[in-house]
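Asker: Shown below is the structure under consideration.
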Amino acid sequence: MTVTAIGSAVRRKEDHRFITGKGQYTDDINRPGQTHAYFLRSPHAHATLKKVDIARAKTMPGVVAIYTGDDVAADKVGGLICGWMIHSKDGTPMRAGPHPILAQGKVRYVGDHVAVVVAETLAQAKDAAEAIDVDYGVLPANVDTAGAQAKGAPEVHSEAPNNTVYDWHIGDKAATEAAFKAAKHVTKLDIVNNRLVPNAMEPRAAVGEYDAGNDALTLYTTSQNPHVARLIMSAFLGIAPEHKLRVIAPDVGGGFGSKIFVYAEETVCVWAARKCGRPVKWTADRTEEFLCVAHGRDHVTRAELATDAEGKITGLRVKTIANMGAYLSTFASSVPTYLYATLLSGQYAIPNIYAEVDAVYTNTSPVDAYRGAGRPEATFVVERLVEAAAREIGMDPAAFRKRNFVSKFPHQTPVIMNYDAGDYKASLVKAMDMADVKGFGKRKREAAKQGKLRGLGYSTYIEACGIAPSQAVGSLGAGVGLWESAEVRVNPVGTVEVLTGSHSHGQGHETTFAQLVSSRLGISIDNVSIVHGDTDKVQFGMGTYGSRSGAVGMSAISKALDKIEAKAKKVAAHVLEAAEADIDFKDGQFTVKGTDKSVDFGTVALNAYIAHKFNPQELEPGLKEGSFYDPTNFTFPAGCHICEIEVDQETGVASIVKWTAVDDFGNVINPMIVEGQVHGGIAQGVGQALLESAIYNKDGQLVTASFMDYAMPRAHDLPSFDVGMTVTPCPSNPLGIKGCGEAGAIASPPAVINALTDALGTENVPMPATPQVLWQVIQRQSKMAKAAE
Amino acid sequence: MYPFKYHKAATVRGAVAILKKAEEPKLLAGGQTLIPTMKQRLASPKALVDLAGAGLSGIEQKGRTIVIGAMTTHAEVANSAVVQAAIPALAKLAGHIGDPQVRHRGTIGGSVANNDPAADYPAALMALGATVHTNKRKLAAEEFFAGLFSTALDEDEIVTKVAFPVPGKAGYVKFPNPASRYAIVGVFVAKKGRSVRVAVTGAGSDGVFRHEAMEEALGKRFNPKSLDGIATPAGNLNGDIHASAEYRAHLIGVIAKRAVAAAA
Amino acid sequence: MPTVTLTVNGRQVSADVDARTLLVQFLRENLRLTGTHVGCDTSQCGACVVHVDGKAVKSCTTFAVQCEGADVVTIEGLAKDGKLHPMQEAFREHHGLQCGFCTPGMIMSAVDIVNRKGAVDEATIREELEGNICRCTGYHNIVRAVEAGALAMTGKAPARQAAE
Ligand SMILES: Cc1cc2nc3c(=O)[nH]c(=O)nc-3n(C[C@H](O)[C@H](O)[C@H](O)COP(=O)(O)OP(=O)(O)OC[C@H]3O[C@@H](n4cnc5c(N)ncnc54)[C@H](O)[C@@H]3O)c2cc1C
Ligand code: FES
Ligand code: FES
């Protein structure tokens, strides 16, 4: 029997079903008697619904039912909620408009849900949807993040005057202003963090089913956190009480945040299933995903950095407008506040920070957490400022960083976070070495001979993961606790099932979690199965996002394993006829100190169940333990990415020639999987920096609503990546894990833009730096150079 | 997608007969443009006439002409030893249309009949002075292409083959759209004797066009340097989120030079 | 309704279908071969790639009726006699997948690349994967997997190919 150690790059257990086409994604599920739902969506960004006439459509072939906002209201189905309360500067709570699952009276973005048609086939549902007669009273649209609060801008919700959801701040304003007054040098940047569409390759889907005999509902859905979906649907929408609502998230084809949230469509499917008495299935097509999935980013920021004569950072000041879209999505409010501004200290000891954030409504798709959620935006601000400041004051960007790194831990930043461990210099130095920064000058000269402009950019990022003590996030406005649960069930033959509240949609939990169990209990990884994604099997859990599965989810498993071990020792003591205090457990064997007596884990498990060897008054039979783990702090993954890029002066095409990443994720369970997470994250960040942008025209039409216009990173847009690691174990959880899911996406955009600004000799390079954008920058530069002559 | 009746034609004549008889028919070649359009309910033919069995595929060299059947796929053109030897630029062009899967099904006939302003083939036809054969007539490329997504084809007319005169030298370079990978600018240059033709796709607001100023300059000396200083007015060019008319005008100059340099 | 008869994964199947049935719908809905996925509406993502008469095609952009008499192989038909195809093995060995959604299409495309081009180098692989989008892996490990799969399929290391 082979034990799979922590730290070994064992191949993934889940892969067999995926490489043979046997995965079970939501759209692969078909229920007897199933119908198909199709949503009639608003073609207008902003309009009143003067009339929604379904009479003719209802008579069309195959139509089972058609529902509108009126039916939702009549059934008293509650609106979708935003689960994080933010207060404005004056202490007033954020101003949120209602978010019905089918529009009531008004539509607020292109794609907003006007009605749902349930029919025997999808084609019939579409045909009937075309026959619904809607009279829209078209209103002017408000689509501009920076201009949303302007006088006369169309009002999205009457609850939010000036389209302002909140104006929030953090930090010490007066002290920061004083620091800027006293500064030797101030660096200023205007930054737009471009809006992105997550585009998990599996479009969202849902199947709702009603069991009339038991008055119970089941929802199969593409969710990263089925329990949270059930909680919201039960407690706030009133779909069904929790014990009558089972939510199953089977194999999920990527999420990146976008499948955390509770959406209108899945809610409608499960609600409609009861109403029409038939299973209701809906699968988004890609265009619907583009229009209606929660988008990411979309910040407009003015950022300033103050430095003293020694090149020490003395202050940082930020004013950000964050676009929330037309409705507040599930966690939208937390993203530009506690997930953003609390990271503005970066890896640096910055004594004074002040950030103001206005969240605004616009007539666009809701915006919420997307891989990194707030932290990429913060990192972009900090790393661009630092790079620009170094250049402006004539310091080498790496040296400037080193001068300002936090080097003593714990370190309390002025913006809540308490960094617990790290070695920022170590990752920078290692990355510089791997990237051969020394040889860069030569490579740049050689590139110049070919007409190429070469640049090198750093990003020394930090993120806060594994969010975090429930009490702490509660005090900041979170509506839920952010612990995780685990249950370890040892079967009589010694095989193990782990029930976890984490959810895997690509992260490989079935392997890494099993590795933990294998190494702890000394059993083969093949004898461990990980159960997740079903509210009827797993009692409760918070799901997977914010790089929390390792740090929080596995810590819960680890705690449950502690209990298993403790109880198994008791059983072993009886089996071995020894005192419990004398039992040692190592490599799957229970031994008695100072003797050669031993028994293996399987035998102990069997004895726990046959229960012949102990008195049930003293020890309960069975071997099953659970745990709820609440972290004591955030975790702080950090590292350094270096991008080397080349720009074709004639066309503006940028090609990444070399990518180096050195990350400190604390202890690593499976380096193969961790590196994979880094690769994927970098690709998404590079996508943001060079390719991707969700663009609305002034009427609120999404111009980039398909892969024809929204540029997704493809294989030849990217290089292979050089990935290295440094390790400072995380002191705040039992496994020393920090989390790795988002790091790549957080680190990479500023590395790319810092490389481009280096190559082009200007700080003004917007994202995405498409060929056209770079060509325009080159034109501007050469005009300026000519004017200077 | 709306319902339609599916017909499979065994001959061109048979296809024409169905076209004449059926209600709102459309020809189906590789389907790589038509099917996505129908899925999005942007096209709604009531009948499809599949040309797959109509004997229209194949490549042959007839003297100094390469004749390609309408149903020949992009992959077949790209991999054809005949095309590679006679007009390597054409093989290269075909080999960079879309992706391998699209190239396995998409056809030259479908591509020219569709005349997408960002498609690649139209540039080759124009620059090489190709002739489009239909069941009714033969049309010079210039007569055939008639602006955005339109051609000289009648309702019941079928492209049967495209004949390409073998040039002395030709080159094609495409600057792809970062999202769709269609051409933002594609320039095909062909030199035959002293005459040089330059065709630009992807950029013109009226579809593929010939670049006379470049043709004249290259006619004097077939060298990238000859194109120095030849500006393309942006007035008649497309602008979109990926490339403004000005940027396209600039790219035409750069890409044309590269096409000349690549010509073989 | 037209009848279509074709071979899928070595088995002859025949069905009456609405003419507008796409091959991918036929596979997923009629035959319940749900390994072939749909990731887009514009024929760009490649989640739906299968082999038709030995060539990779997008089954979302092919009507079932166009496949009359054709030999179709899907991801479910790649393993033979319980033995994984070397490309499947390579994807697992090199961690060429995360969520697995793009994977069937990726593997079918990868097999097709090697069938056409033999042992392939990195630049060629990246170019040839034009029609397959993956959001999870950043392609790094997919490229490693295809390199290894190609080696296993051909027994040859790649010659340097001109990547244009
Ligand atoms: C993802 C993707 C990427 C692509 N990228 C490119 C690219 O980079 N460059 C490029 O040029 N193209 C590109 N294409 C388009 C591709 O080349 C198509 O194959 C081509 O445009 C149409 O050819 P088809 O055989 O598929 O025709 P179909 O889609 O079957 O038909 C297209 C139209 O032509 C008509 N038609 C077809 N054959 C004939 C005929 N013989 N006579 C008269 N009318 C006919 C049809 O009725 C229809 O209206 C791409 C397509 C896709 C899906
Ligand atoms: S489903 Fe995207 S290409 Fe076929
Ligand atoms: S593995 Fe998830 S999309 Fe490729």
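The values are calculated or read from the model by the stated rules, or taken from the named source; none is laboratory data. Fair warning: this is a prediction, and the values are worked out from it, not measured in the lab. Here Cβ is always computed from backbone atoms with ideal geometry, including for glycine, and neighbour counts include all displayed protein chains. All accessible areas refer to the heavy atoms of the entire protein, side chains included, with ligands and DNA or RNA removed. Shrake-Rupley method; radii C 1.70, N 1.55, O 1.52, S 1.80 Å.
Asker: Largest first and in whole Å, what are the equivalent-ellipsoid semi-axes of the range B:169-262 based on the Cα gyration tensor, each being the root of 5 times an eigenvalue?
Answerer: On the way: eigenvalues 96, 34, 23 Å².
Each semi-axis is the square root of five times an eigenvalue, giving 22, 13, 11 Å.
Asker: Compactness ratio of the range C:3-77: Cα Rg over 2.2 N^0.38 Å, N = residue count?
Answerer: Values: Rg = 10.9 Å, N = 75, 2.2 N^0.38 = 11.3 Å.
Normalised Cα radius of gyration, the range C:3-77: 0.96.
Asker: Let me know the volume per residue of the alpha-carbon convex hull for the range A:174-308, in Å³.
Answerer: Expressed per residue, the convex hull around the Cα atoms of the range A:174-308 is 149 Å³.
Asker: What are the trypsin sites (Lys or Arg not before Pro) within the range A:154-221 that DSSP puts in a loop, where the Cβ has at most 14 other Cβ atoms within 10 Å?
Answerer: Sites meeting the loop and neighbour criteria: A:Lys184.
Asker: Kindly provide the Kirkwood hydrodynamic radius of the range B:5-50 in Å, to one decimal, from all pairs of distinct alpha carbon atoms.
Answerer: Details: mean 1/r = 0.0934 Å⁻¹.
Kirkwood radius, the range B:5-50: 10.7 Å.
Asker: Determine the order of A:Asp582, A:Asp15 by accessible area, beginning with the largest, at a probe radius of 1.4 Å. Walk me through the numbers on the way to the answer.
Answerer: On the way: A:Asp582 65, A:Asp15 0 Å².
Ranking A:Asp582, A:Asp15 by accessible area, largest first, yields A:Asp582, A:Asp15.
Asker: Which FRET efficiency, nearest 0.05, do A:Ala74 and A:Glu159 yield, Cβ-Cβ r, R0 25 Å?
Answerer: Once the sixth-power term is evaluated, E becomes 0.65.
Asker: Helix hunt in chain A: which complete DSSP H runs extend at least 18 Å axially by C-alpha with mean Kyte-Doolittle at least 1.0?
Answerer: Span-like helices here: A:743-760.
Asker: At a 1.4 Å probe radius, carbon and sulfur cover how many percent of the accessible area of the range A:215-297?
Answerer: The value for the range A:215-297 is 53 percent carbon and sulfur by accessible area.
Asker: Shifting gears a bit: Run the paramagnetic zone check for A:Ala212: 7 angstrom along Cα to Cβ, then residues of the range A:58-80 with backbone nitrogen under 18 Å.
Answerer: From the range A:58-80, the list is A:64-66.
Asker: If you don't mind, another one. Within 10 Å of each Cβ in peptide A:645-653, how many partner chain Cβ atoms are there on average? Round it to a whole number, please.
Answerer: Average per residue, whole number: 3.
Asker: Related question: Which of A:Lys563/A:Lys738; A:Lys181/A:Lys442; B:Lys46/C:Lys117; B:Lys26/B:Lys257 have a Cα-Cα distance over 31 Å? Intermediate results must be reported in sequence, preceding the final value.
Answerer: On the way: A:Lys563/A:Lys738 23 Å; A:Lys181/A:Lys442 41 Å; B:Lys46/C:Lys117 40 Å; B:Lys26/B:Lys257 39 Å.
A:Lys181/A:Lys442; B:Lys46/C:Lys117; B:Lys26/B:Lys257, as the Cα separations exceed 31 Å there.
Asker: Among B:Gly186, B:Gly14, B:Gly109, which one shows the biggest mean-square fluctuation in a GNM of chain B, springs joining Cα atoms closer than 10 Å?
Answerer: Comparing B:Gly186, B:Gly14, B:Gly109 in the GNM, the peak value goes to B:Gly14.
Asker: Right, another one. Taking only the alpha-carbon atoms of the range A:184-253, what semi-axes of the equivalent ellipsoid follow from 5 times the gyration tensor eigenvalues under a square root, in whole Å, largest first?
Answerer: 40, 16, 9
Asker: Report Rg(Cα)/(2.2 N^0.38 Å) for the range B:59-165, keeping two decimals.
Answerer: Its radius of gyration relative to the 2.2 N^0.38 Å reference: 0.97.
Asker: How many Å³ per residue does the convex hull of the Cα positions in the range A:363-460 occupy?
Answerer: Spelled out: Cα convex hull of the range A:363-460, divided by residues, is 189 Å³.
Asker: Also, I was wondering about something else. Heavy-atom accessible area per residue, chain A, 1.4 Å probe: how many Å²?
Answerer: Accessible surface, normalised per residue, equals 33 Å².
Asker: Something else: With N denoting the number of residues in the range A:400-512, provide Rg(C-alpha) divided by 2.2 N^0.38 Å, to two decimal places.
Answerer: Numbers: Rg = 22.7 Å, N = 113, 2.2 N^0.38 = 13.3 Å.
Working it through for the range A:400-512, the quotient is 1.71.
Asker: Nearest 0.05, what FRET efficiency do A:Ala785 and A:Glu392 give at R0 = 22 Å with Cβ-Cβ as r?
Answerer: 0.70
Asker: Give or take rounding to whole Å, what are the principal axis extents of the alpha carbon atoms in the range C:86-154, in descending order?
Answerer: Rounded to whole Å, the extents work out to 28, 22, 17 Å.
Asker: Turning to a different aspect of this structure: Considering only protein heavy atoms and a probe of 1.4 Å, how much of the accessible area of the range C:3-77 is carbon and sulfur, as a whole percent? Intermediate values should be presented prior to the final figure.
Answerer: Details: 900 of 2220 Å².
Carbon and sulfur together cover 40 percent of it.
Asker: At 1.4 Å probe size, with every protein chain present, just tell me what the per residue accessible area of the range B:111-184 comes to in Å².
Answerer: Value for the range B:111-184: 31 Å² per residue.
Asker: Moving on to the next point. So for chain B, what percent of the C-alpha to C-alpha distances run longer than 23 Å?
Answerer: Numbers: 17290 of 34716 pairs.
Within chain B, distances greater than 23 Å cover 50 percent of Cα pairs.
Asker: Follow-up question, since we're still on this one. Residues of C:137-148, mean number of Cβ from any other protein chain within 10 Å of their own Cβ, rounded to a whole number?
Answerer: Values: counts 7, 22, 12, 14, 7, 2, 4, 1, 1, 1, 0, 0.
Rounded to a whole number, the mean comes out at 6.
Asker: Let me ask another. About its Cα centre, what dipole magnitude does the protein assembly as shown give when the only charges are +1 on Lys and Arg Cβ and -1 on Asp and Glu Cβ, stated in debye to the nearest 20?
Answerer: Dipole of the protein assembly as shown, to the nearest 20 debye: 2780 debye.
Asker: Let me ask something else. At 0.36 nm per residue, and after removing the present C-alpha to C-alpha distance, how many nm does the segment from A:Glu446 to A:Ala579 gain when stretched out fully?
Answerer: 40.5 nm
Asker: Right, here's the next one. Kirkwood hydrodynamic radius (Cα pairs, Å) of chain A?
Answerer: The Cα-based Kirkwood calculation yields 27.7 Å.
Asker: At 222 nm, what value in deg cm²/dmol follows for chain C if DSSP H runs of at least 4 each add -39500 (n - 2.57) and the sum is divided by all its residues, to the nearest 500?
Answerer: So the helix-based figure for chain C works out to -8500 deg cm²/dmol.
Asker: Another one. Which residue fluctuates the most in chain B, going by a Gaussian network model with Cα springs under 10 Å, if the choices are B:Asp206, B:Asp228, B:Asp50?
Answerer: B:Asp228
Asker: Per residue, how big is the convex hull of the range B:134-220 when only Cα atoms are used? Give it in Å³.
Answerer: Numbers: hull volume 10.3 nm³, N = 87.
Looking at the range B:134-220, the number lands at 118 Å³ per residue.
Asker: Let me ask you something else. Between B:Thr65, A:Phe256, A:Thr728, whose Cα lies farthest towards the positive end of the dipole of the protein assembly as shown when Lys and Arg beta carbons carry +1 and Asp and Glu beta carbons carry -1, centred on the Cα centre?
Answerer: Going by the Cα projections, it comes out as B:Thr65.
Asker: What shape does the range A:483-629 have by the C-alpha gyration tensor, where a ≥ b ≥ c are the square roots of the eigenvalues, rounded means a/c under 1.5, and otherwise prolate means a/b greater than b/c and oblate the rest?
Answerer: Prolate is the answer for the range A:483-629, as a/c is 1.5 or above and a/b outweighs b/c.
Asker: 7 Å from Cα along Cα→Cβ at both C:Lys80 and A:Lys50: what's the point-to-point distance in nm?
Answerer: The modelled label-to-label distance comes out at 6.7 nm.
Asker: Suppose R0 equals 22 Å; then what is the FRET efficiency for C:Asp53 and C:Arg32 from their Cβ-Cβ distance, rounded to the nearest 0.05?
Answerer: 0.45
Asker: Would you list the P(r) distribution for the range A:666-763, with all Cα-Cα distances sorted into 10 Å bins from 0 and each bin expressed as a whole %?
Answerer: Histogramming the range A:666-763 at 10 Å steps yields 14, 34, 29, 17, 6, 0 percent.
Asker: Relative to the present Cα-Cα distance, how much length would full extension add between A:Asp630 and A:His16 at 0.36 nm per residue of separation?
Answerer: 217.7 nm
Asker: With a point put 7 Å past each Cα toward its Cβ, work out how far A:Thr121 is from A:Asp135 in nm, to one decimal.
Answerer: Roughly 3.4 nm, to one decimal.
Asker: Which percent, to the nearest 5, of DSSP beta bridges fully inside the range A:220-354 are antiparallel?
Answerer: Details: 9 of 12 bridges.
Counting only bridges with both partners in the range A:220-354, antiparallel ones make up about 75 percent.
Asker: Which far-off residues, 5 or more places away or on another chain, put their amide H under 5 Å from the one on A:Met725, with H placed in the peptide plane?
Answerer: Distant-sequence amide H within range of A:Met725: A:Asp663.
Asker: Tell me the label-point distance for the pair B:Lys136, A:Lys151, using the 7 Å Cα-to-Cβ offset, in nm and rounded to one decimal.
Answerer: 6.4 nm
Asker: Please report the carbon-and-sulfur percent of the accessible area for the range C:86-154; probe 1.4 Å, protein heavy atoms only, DNA, RNA and ligands left out. Before the final figure, lay out each step's value.
Answerer: Numbers: 720 of 1460 Å².
On the range C:86-154, the fraction of accessible area on carbon and sulfur atoms equals 49 percent.
Asker: Could you please state, rounded to a whole Å, how far the C-alpha centre of the range C:78-145 is from the C-alpha centre of the range A:485-533?
Answerer: Result: 28 Å between the Cα centres.
Asker: For chain B, what does the helix formula give at 222 nm: sum of -39500 (n - 2.57) over DSSP H segments with n ≥ 4, over the residue count, nearest 500 deg cm²/dmol?
Answerer: Dividing the helical sum by the residues of chain B leaves -9000 deg cm²/dmol.
Asker: Let me ask you something else. For the range A:581-728, max minus min Cα coordinate along each principal axis, in Å, sorted largest first?
Answerer: Principal-axis extents of the range A:581-728 (Cα, largest first): 82, 39, 29 Å.
Asker: Take the Cα pairs of chain C, get the Kirkwood Rh, then feed it into Stokes-Einstein at 25 °C and 0.890 mPa s and tell me D in µm²/s.
Answerer: Working: Rh = 16.0 Å.
Answer, rounded: 153 µm²/s.
Asker: If you average the C-alpha positions of the range A:344-368 and of the range A:13-48 separately, how far apart do those two centres end up, in angstrom?
Answerer: Taking the Cα centre of each part, the range A:344-368 and the range A:13-48 sit 34 Å apart.
Asker: Once phi is turned into ³J(HN,Hα) by the Karplus curve 6.51 cos²θ - 1.76 cosθ + 1.60 with θ = phi - 60°, what whole-Hz value does each residue of the range C:80-85 show in order, with x for glycine and proline?
Answerer: Listing the rounded values in order: 10, 6, x, 10, 4, 5 Hz.
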